[in-house]
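As structure tokens, the structure follows; a few thoughts come after it.
Any read-out appearing in this document is the output of simple, stated calculations on the displayed coordinates, not a laboratory observation. As the structure is a computational prediction, the values presented were derived from the model and not from experiment. Cβ sites come from the backbone with ideal geometry, for glycine too, and all protein chains shown count toward neighbours.
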Amino acid sequence: MTRISLTRLPGDRVLAVDAGLEHVIELADLSAYVEGREPDGPRWVWDDTARWYPPLLEAGIRVERCHDLRLGRQLLRRAPAADASLLVAEESEHWDRLRPAVPSDPALFSVDDSTEHLRADLEDARQRAAVAASSEAPRLGLLLAAESAGALVAAEMTHTGVPWRTDIHERLLGEQLGPRPPRGARPVLLEALAGEVRSALAAPGLNPDSRPELLGALRRAGVEVPDTRASTLRAVEHPAVVPLLRYKQLAHLFSTNGWAWADQWVKDGRFRPSYQPAGSITGRWSSNGGGALSFPVQVRPAAVADDGWVFVVADVAQLEPRVLAGMSGDRALAKAAQGTDLYQGMVDDGAVGSRNDAKLGLLGAMYGATSGESGRMVAGLTRRYPAAFGLVEEAARAGERGLGVRTLLGRGCPPLGEASTTDVDTARADPESETRRRRSYGRFSRNFVVQGTGAEWALCWIADLRNRLWRLGAGPVEARPHLVFFLHDEVVVHTPAHLADVVVAEASHAAAAAGALLFRQLSIDFPLNTSIVRSYADAGKPGSVPGADVTPGR
DNA sequence: AGCGCGGGCGCC
DNA sequence: AAAGGGCGCCCGCGCT
């Protein structure tokens, strides 16, 4: 396959290396160059998709494949199956220091620092050599491709944004909080609740946002609580509790998804959060702006498809237990995973008495619960599903011994110490703390293998779905069915209404393809819950894993 | 005034 | 004896 690497040169020029041939292009001509070469289906190689792709999308250009050198390097440096020394070169330090570009900061056209003109073709050669020399070249190659495809998806979703009805959002805010307050002031309905709390506690000057003040006022009113969490307060009988809980809820809405949030993240009828592919240690995405990871239920009604368009919302039921079944090759668990409800499958299998017990046991195994109800379920289920439960148990033991673990496709986890928040020297001096630290790393490792492989499945899913959606229409990305949101195990596709059923089918096909790609030896079902809706708020919200007991649908 | 921290919350 | 993973964001607070 053709690879074309792009490197920024001083003076608004770009070096393109295409099959060893160097071309120097004016930056202004880059879009035309990419557009002209794209029909050959090359893999574009660049330092950071978030730097190169947004301007191309602005110009109406979509690329099919890329290799993101920053993500690739990050992965290969930590992958147990790769020899990181093959990545060492004169420019190493600069490559290692590369930080993700953020959409608000179009570094492609401005900054001129030491990381600006690193030769993409040379780094590409190093990374390819590292993959080729690996004993697991195919898996690493797949992982790099999936990771890079994810980066394309992220840039496209930020480009298109989630259709957003500011009028509905503001109506919601108005109903719950009152009119938009002047800067620095509380909305009237929030202030009214603060007043109720103050009088119920006989604390006229109380600022309910201050924990020390609140704790003090509660104590003086005869309420002894260790903290001010909602779950703690709910168990307390006192007239202040009801308005206080409501205050907390509305204060969160006001500060996190209120008017100021909309000013910053909603423009031209689109909510554009910023995604960071592989932003978390396990390979899951994170977000560095807009709060894409907590798209709160409270404001979802404002996400409404354009006229004549709809959303297809799809999520995977119990992604991580299914992934665990696949990667461990546990035939019994794979059998329970046939059909739409893995937990019910376990009940039908006779492994466990109830759906809830099944869920408790699996979550416990993946998170490292060993006590309480969850811990007891783990013990019982280990006998029934030895391969699956053994895999996470083994990962936990490796972690406790300070050994690294890896995902199915070969992502490595950071060594003990780096991943822990505990101060290493303190821990050394204190054996109990050291034990806690190792246990904690064990739980982290246990979860890493499943969460990380789940993230790999999801990447394969959206990478394939992206291409399937592209083929359903014509014109630029936003004129065809396209992804507008992705969160761990859920996608939202914005599509012309007449294609909705086709999109639903494609989402399922992509899920099946991702499963087949990752788990060749054992067929695993990845059923989707899908809804076709006008507003995101109307999508069904079936329980998924983890996250447990979401109230079922509406 | 600006920074880092931790509590508290919300998402999976 | 007890032992639940990954994130981001907001706030108040204590520090410089």
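Annotations for the structure displayed:
- Take A:133-140, A:349-356 and order them by the average number of nearby Cβ atoms within 10 Å per residue, most first; the result is A:133-140, A:349-356.
- Pairs of lysines in chain A whose Cα atoms sit within less than 27 Å of one another amount to 4, provided the residues are eight or more positions apart or on different chains.
- Cβ-Cβ FRET estimate between A:H117 and A:R471, R0 fixed at 45 Å, reported to 0.05: 0.75
- Kirkwood Rh (inverse of mean 1/r, distinct Cα pairs), the stretch A:264-329, angstrom: 14.8
- Working note: Karplus 6.51/-1.76/1.60 with θ = phi - 60° gives the stretch A:7-16 the couplings 10, 6, 10, x, x, 6, 10, 10, 9, 9 Hz, where Gly and Pro are set to x.
- Relative contact order, percent, the stretch A:167-260 [alpha-carbon distance under 8 Å, six or more residues apart]: 29
- Pairwise Cα inverse-distance average, inverted: Kirkwood Rh of the stretch A:167-260 (Å): 13.8
- Counting all C-alpha pairs of the stretch A:3-160, share separated by more than 25 Å (%): 25
- FRET efficiency for the A:R270 to A:R355 pair, using the beta carbon distance and R₀ = 35 Å, is estimated at 0.35.
- Cα convex hull of chain A, projected area averaged across orientations, nm²: 28.6
- Theoretical FRET efficiency, 1/(1+(r/R0)^6), r = Cβ-Cβ of A:A125 and A:D307, R0 35 Å, to 0.05: 0.10
- Using the Karplus relation 6.51 cos²θ - 1.76 cosθ + 1.60 with θ = phi - 60°, the per-residue 3J(HN,Hα) values for the stretch A:225-232 come to 10, x, 8, 10, 5, 4, 5, 5 Hz, with x marking Gly and Pro.
- Inter-probe distance in nm under a simple model that places probes 7 Å from Cα toward Cβ, at A:T166 and A:A84: 4.7
- Rg and Dmax [Cα atoms of the stretch A:253-379; Å; Rg one decimal, Dmax integer]: 19.6, 54
- The stretch A:21-94-the stretch A:211-270 distance, computed between alpha-carbon centres (Å): 45
- Net lengthening on full extension, A:E91/A:Q338 (0.36 nm per residue, minus Cα-Cα): 83.9 nm
- The length gained on full extension between A:L27 and A:S294, counted as 0.36 nm times the residue separation minus their Cα-Cα distance, comes to 92.4 nm.
- Sequence-distant residues sharing a close amide H with A:A369 (under 5 Å, placed H): none
- Computed over Cα pairs, the Kirkwood radius of the stretch A:320-454 leads via Stokes-Einstein (1.567 mPa s, 4 °C) to a diffusion coefficient of 85 µm² per second.
- Averaging Cα coordinates gives a centre for the stretch A:170-196 and one for the stretch A:373-401; these two points are 49 Å apart.
- For A:F271, residues with placed amide H under 5 Å, excluding near neighbours: A:V162, A:W164
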